[in-house]
Ligand code: UDP
Ligand code: MG
């Protein structure tokens with residue numbers, strides 16, 4: 001019988017673990033051996049305790065877990081799940097039940113029909129905040145433009161990956177993981193399913209505005225070096241204008257007797273150019289920082305306890 005692993009990154013999700021388990025049991029999937037792998041991403045609450053309380057080996061559904069030594073982040077938790085799987089397919093989903101487990105049979109169906117990646121697209125509805133919908137859409141437009149990828153706007157980390165895809169992903173040893181981008185970039189036969197997200201059953205979102213911003217920055221700088229080119233173009237454009245302005249100033253100096261001392265324009269251009277330089281330095285710094293982190297070759301995550 002074929003195996004399917006369900007990987008669930010969980011960070012402070014004590015109130016959701018049991019409900020998620022029960023909803024999966026209810027699906028009553030008999031065709032495959034399922035294993036639910038919870039990745040406890042350094043939770044401060046009783047998440048791990050709740051996971052351990054679940055029946056470990058009910059017929060057709062095993063429960064396994066990996067517990068990190070501290071919080072390493074959602075993407076890293078997902079990667080750990082993939083690293084530890086040797087199933088025929090892996091389904092990844094959130095712990096908060098925003099990804100309805102009832103979609104799992106559909107994901108499996110598409111996989112049986114030959115798809116190697118079955119991803120889901122979130123149909124935007126009122127349950128996702130206006131802010132999140134719009135910032136996500138700006139981010140994906142920008143990322144797709146910069147990277148040449150075509151990540152759909154409602155992309156979520158709710159998907160099924162065939163064993164072949166997992167083998168491929170295991171070869172990527174990037175420190176700043178952006179799995180949504182990787183999955184789009186690696187090819188394979190893809191199918192998509194639309195779904196309507198539910199409200200988080202328990203607890204609050206772990207993605208603050210700051211984390212979303214950092215996540216977006218990571219996504220862009222992991223998949224594109226175009227921002228560096230922009231820096232160069234912009235620098236060239238500015239030098240061109242300042243050269244032209246210099247020539248204009250010389251002409252004025254020789255042709256007019258009353259040279260107006262325009263401190264306002266000087267001040268504005270100095271501040272403007274200063275600002276642009278800082279932004280460009282920041283962009284270079286982002287890439288340099290990535291290089292620095294990668295070159296240290298530190299492990300992506302540390303496990304304090306596991307049962308897989
Ligand atoms: N998560 C995680 N580590 C983190 C942040 C989040 O493992 O540092 C998990 C979280 O427990 C949930 C999933 O990632 O299962 C998605 O997080 P959340 O629901 O907070 O994000 P949102 O749905 O609001 O985008
Ligand atoms: Mg959520």
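The values are calculated or read from the model by the stated rules, or taken from the named source; none is laboratory data. Every value quoted in this text rests on a predicted model; they were computed, and no experiment measured them. Cβ placement follows ideal geometry from the backbone for every residue including glycine, while neighbour counts extend to all protein chains displayed.
Worth pointing out:
- Taking segment 115-127 as the range and being under 21 Å from the mean Cα position of the chain (by Cα), away from ligand 2 (no atom under 15 Å from the Cβ) and in a loop (DSSP other than H, G, I, E, B) as the test, the residues that pass are 116, 123.
- Condition check for residue 116: touching a strand residue (DSSP E or B) at 6+ places or on another chain (Cβ under 7 Å), away from ligand 1 (no atom under 16 Å from the Cβ) and closer than 23 Å to residue 9 by Cα: yes
- All positions within segment 28-49 that are in contact with a strand residue (DSSP E or B) (Cβ under 8 Å, 6 or more places away or on another chain) and assigned to a helix (DSSP H, G or I): 47, 48
- If you go through segment 85-114 and pick out every residue that is in a loop (DSSP other than H, G, I, E, B), away from ligand 2 (no atom under 16 Å from the Cβ) and crowded, with 20+ Cβ neighbours inside 10 Å, you end up with 2.
- Evaluation of residue 157 against (1) within 13 Å of ligand 1 (Cβ to nearest atom); (2) at pLDDT 85 or above; (3) in a loop (DSSP other than H, G, I, E, B) (one fails), failing number: (3)
- Scoring residue 52 on the criteria (1) farther than 30 Å from residue 174 by Cβ; (2) not in a helix (DSSP H, G or I) leaves a single failure, condition (2).
- Residue in segment 222-233 that is free of Cβ contacts under 8 Å to residues at least 40 places away in the same chain and within 16 Å of ligand 1 (Cβ to nearest atom) present: no
- Residues in segment 128-154 that are within 16 Å of ligand 2 (Cβ to nearest atom) and surrounded by 12 or more Cβ atoms within 10 Å (Cβ to Cβ) were compared, and the one that is nearest to residue 31 (Cα to Cα) is 154.
- When the test is whether a residue is surrounded by fewer than 21 Cβ atoms within 10 Å (Cβ to Cβ), within 10 Å of ligand 1 (Cβ to nearest atom) and part of a loop (DSSP other than H, G, I, E, B), residue 71 passes it.
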